[in-house]
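Values in this text are rule-based calculations from the coordinates and carry no lab data. Since the structure is predicted, the reported quantities are computational estimates derived from the model, not experimental observations. For neighbour counting, all protein chains shown are included, and Cβ atoms are generated from backbone atoms with ideal geometry for every residue, glycine included.
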Amino acid sequence: MSSPRAWAQAGQSLAPSTVYDVAIIGAGAAGIAAARALAGAGARVIVLEARGRPGGRIVTDSQTLGLPFDVGASYIHNAPINPITALAAQQGVTVIPSDRESLALRANSRNEPRSVVNRYVAADQRLIRRSERIARSGNDQPFSAVPRDIYERRFVDLHCATDIAADADRVSVLDIASAGATDDRFPIGGFGTMMMRAATGLPVNGGAKVGHAAA
Ligand SMILES: Cc1cc2nc3c(=O)[nH]c(=O)nc-3n(C[C@H](O)[C@H](O)[C@H](O)COP(=O)(O)OP(=O)(O)OC[C@H]3O[C@@H](n4cnc5c(N)ncnc54)[C@H](O)[C@@H]3O)c2cc1C
């Protein structure tokens, strides 16, 4: 199944009386990985997903621009040690390096000059080095505590808003450091397309929002 519609329809055909060993709530990357691992080990698994598609915050829009565009996650961070790289290889997906020289920054309806972009790139590198030092010390702290100047602070806020979708004071420095500073790559065809393929064949139930049971 490669389309959201096919995926949601597959869920609707599940027999309600079937017994499962494990019910996984959510078909984001974590739910898909758990379902693949458990089903691979022989467990009877069902995935209950509120939306009509798998992938959660990793979703590729191939319609709006006429080419695949990742609306949520797009980078395979720290590709050499990221298990998503192995998934891409399994799927025959080509991954390409991300090129920081091609970064653009648009403010007040105009492109900022390269010199300004470079200040943010340098701020990013300082932040990563400092985060790695903090991580080595083992004392976690919020990412919001790491920046020391205006470029670093703006970069932290931008990164948290656009790449993580969480406030910087709720983001762990240990987590930032584990993502690594280098070798981010893009999967050709979209990260969300890969998630859609990874969910293919899993026993899923799209449009199934799980609520709280009364005690
Ligand atoms: C704009 C943006 C850019 C990002 N960029 C990157 C990037 O470049 N690289 C990267 O590695 N990461 C990136 N991230 C982070 C990455 O998207 C997340 O870390 C990852 O998708 C989280 O996966 P997950 O399965 O834990 O959660 P989610 O993707 O949030 O999946 C949870 C799923 O559970 C479902 N669900 C929730 N509640 C219920 C319920 N009650 N019943 C049924 N279903 C439910 C949701 O519908 C959803 O499908 C980005 C995030 C955002 C928002």
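If you place +1 on the Cβ of every Lys and Arg, -1 on the Cβ of every Asp and Glu, and leave all else neutral, what size is the dipole of region 99-182 about its Cα centre, to the nearest 20 Debye?
Taking the Cα centre of region 99-182 as origin, the dipole is about 320 debye.
Using only the C-alpha atoms of the chain, find the volume of their convex hull and express it per residue in Å³. Please report the intermediate quantities before stating the final value.
On the way: hull volume 37.8 nm³, N = 215.
With only Cα atoms used, the chain gives 176 Å³ per residue.
Once amide H atoms are built 1.01 Å from N in the peptide plane, which residues 5 or more positions from Val204, or in another chain, come under 5 Å H to H?
Amide H neighbours of Val204: Val47.
Could you grab the relative contact order for the chain? Cα pairs under 8 Å, six or more apart, rounded to a whole percent.
Numbers: 331 pairs, mean separation 78.0, N = 215.
Relative contact order, the chain: 36 percent.
Out of Asp175, Asp183, Asp21, any idea which swings most in a Gaussian network model of the chain, alpha carbons joined below 10 Å?
Evaluated over the chain, the most mobile residue of the options is Asp21.
Need one word for region 99-182: rounded, prolate or oblate. Basis is the Cα gyration tensor (sqrt eigenvalues a ≥ b ≥ c); a/c below 1.5 gives rounded, then a/b vs b/c decides. Write down the numbers at each step before the final one.
Values: a/c = 2.19, a/b = 1.76, b/c = 1.24.
Cα axes put region 99-182 in the prolate bin.
Can you give me the distance in nm between label points at Val121 and Ser109, each placed 7 Å from the Cα along the Cα-to-Cβ direction?
2.8
For region 24-96, what class follows from the C-alpha gyration tensor (a ≥ b ≥ c being the square roots of its eigenvalues): rounded when a/c is under 1.5, otherwise prolate if a/b is larger than b/c, else oblate?
Here region 24-96 falls in the oblate category.
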